[in-house]
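Report on the structure given below.
The values are calculated or read from the model by the stated rules, or taken from the named source; none is laboratory data. Values in this document were obtained by computation on a predicted structure and should not be read as measured data. Glycine gets a Cβ as well: all are built from the backbone with ideal geometry, and neighbour counts include every protein chain shown.
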Amino acid sequence: MGNFHDANYNITKIRTSNGDIAELELNGKSVALASDVKIQNKKEVTIKVSEYTEPVEITPTSGKDGIAKVIITLDTTE
């Protein structure tokens, strides 16, 4: 049946500023807001095809939460 997620969330803390949510806590855990997320604009990766037979995971640079754009170059030279 797949994974089941408990959707019973309790707001344990909320602070607003000028009508926007400035701080949010659900079930005692802080929730990252859009203003808190650090996005890396672009990441360029070259993958040498002859060396990889398994999926390759591309992750953000340390200190970033996500990547807006990933450019992958496949190197097919031996």
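The set of residues in region 47-57 that are surrounded by fewer than 11 Cβ atoms within 10 Å (Cβ to Cβ) and either under 25 Å from Glu23 (Cα atoms) or of a type in the set (Val, Ile, Thr) (or both) comprises Thr53, Val56. Picking from residues in region 44-59 that are of a type in the set (A, V, I, L, M) and out of contact with any Lys or Arg (no Cβ under 7 Å at 6 or more places or on another chain), the one that is farthest from Lys69 (Cα to Cα) is Val49. So, of the residues in region 27-46 that are closer than 21 Å to Thr61 by Cβ and of a type in the set (D, E, K, R), which turns out to be surrounded by the most Cβ atoms within 10 Å (Cβ to Cβ)? The residue in question is Lys43. For region 5-43, enumerate the residues that are assigned to a strand (DSSP E or B), modelled with pLDDT of 90 or more and over 23 Å from Gly66 (Cβ atoms). Across region 5-43, the qualifying residues are Ile11, Thr12, Lys13, Ile14, Arg15, Thr16. Might you let me know whether region 44-66 holds any residue that is free of Cβ contacts under 8 Å to residues at least 12 places away in the same chain and outside any loop (DSSP other than H, G, I, E, B)? Within region 44-66 (the criterion being free of Cβ contacts under 8 Å to residues at least 12 places away in the same chain and outside any loop (DSSP other than H, G, I, E, B)), the answer is yes, since at least one residue qualifies.
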